[in-house]
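Below is one structure, written out as structure tokens, with a few remarks after it.
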Amino acid sequence: MKSQQELILSPSLLASDFSNLAGELSALEEAGLTWVHWDVMDGSFVPNITFGPPIIAGCRKKSRLFFDVHLMIEEPDRYLEDFVRAGADLLCVHAEACRHLERTLSEIARLGARPAVALNPHTPLEILEYVLPRLDMVLIMSVNPGFGGQKFIPFSMEKIRRLKSMIAARDCKTLIQVDGGVTPENTGELVQCGADVLVSGSAFFAHPPYRERLKTFINAARDQG
Ligand SMILES: O=C(CO)[C@@H](O)[C@H](O)COP(=O)(O)O
């Protein structure tokens, strides 16, 4: 069984009130959250457009939360420095968007942020074989990226289990994050498969108060994990 402290919940701001981002960040912090997930979309890698560095920089001044920044953008190398300057603590790039993934990860670390890689549902884990030890986190997308409120893709469970074994075999500390269709109902199984960080958008923000909702996720992880 996983202990309560082992689950990190990173609420996806995609489902928050965009007209009051600073207020949402304060409410998360007051409710006991430590991470927040920024879904950066460019309208090209995914069919939707969200936040850029200026919005993150503005919010950075108002928040001490760990900024977990998921770049759903083409050619992320062009913007790494801007996002780190804006205040990203962790930068997660898509393997599918990086021609020279190892170089991109080295650059994120050189800039002072934690490097992470996201994989779309169809992308095999084998793409990570040689870079896994240098990653702080792998993000398993459990929906096709671009929108909130989609249904969890069931084969993601098996993918998480296999990734956990790859990490254990290499004796590294890489965290596993899962994003898309995460709810209290599937949290127990996700933790059991090996998830360390869960991203939740609609199943989190639609159910205030946030302190109670956090407890619901943590209890789900503890009861079934
Ligand atoms: O990256 C994405 C979507 O592309 C996710 O972060 C979603 O925003 C999660 O939303 P829910 O599935 O939890 O509503």
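Excluding residue 143 itself, calculate the net charge of residues whose Cβ lies under 10 Å from the Cβ of residue 143, where each Lys or Arg counts +1 and each Asp or Glu counts -1.
Within the 10 Å Cβ shell, the charges total 0.
Short version: ³J(HN,Hα) in whole Hz for each residue of the range 99-114, in order, from phi by Karplus 6.51 cos²θ - 1.76 cosθ + 1.60 (θ = phi - 60°), x for Gly and Pro, what are they?
6, 10, 4, 4, 5, 4, 5, 4, 5, 4, 5, 4, 6, x, 10, 7
Lys and Arg at +1, Asp and Glu at -1: add these up for the other residues within a Cβ distance under 9 Å of residue 199 and post the number.
Summing Lys and Arg as +1 and Asp and Glu as -1 gives -3.
So what's the net charge close to residue 48: Lys and Arg +1, Asp and Glu -1, counting the other residues with Cβ under 13 Å from its Cβ?
-2
Which peptide among 88-94, 106-112 comes first, and what is the full order, when sorted by highest mean count of other Cβ atoms within 10 Å?
Per-residue mean Cβ counts within 10 Å order the peptides as 88-94, 106-112.
Of 207, 100, how do they rank once you tally other Cβ atoms within 10 Å and put the fewest first?
By the 10 Å Cβ count, ascending: 100, 207.
Go through 62/164; 164/215; 173/215 and tell me which ones have a Cα-Cα distance over 28 Å in this structure.
In this structure, 62/164 exceed 28 Å between Cα atoms.
Can you give me the long-range amide H partners of residue 66? Hydrogens built in the peptide plane at 1.01 Å from N, cutoff under 5 Å, separation of 5 or more residues or another chain.
Close amide H contacts, sequence-distant or interchain: 35, 36.
Where a number appears in this text, it was derived from the coordinates with a stated rule and is not lab data. These figures come from a predicted structure and were not determined experimentally. Virtual Cβ from ideal backbone geometry, glycine too; neighbours counted across all protein chains shown.
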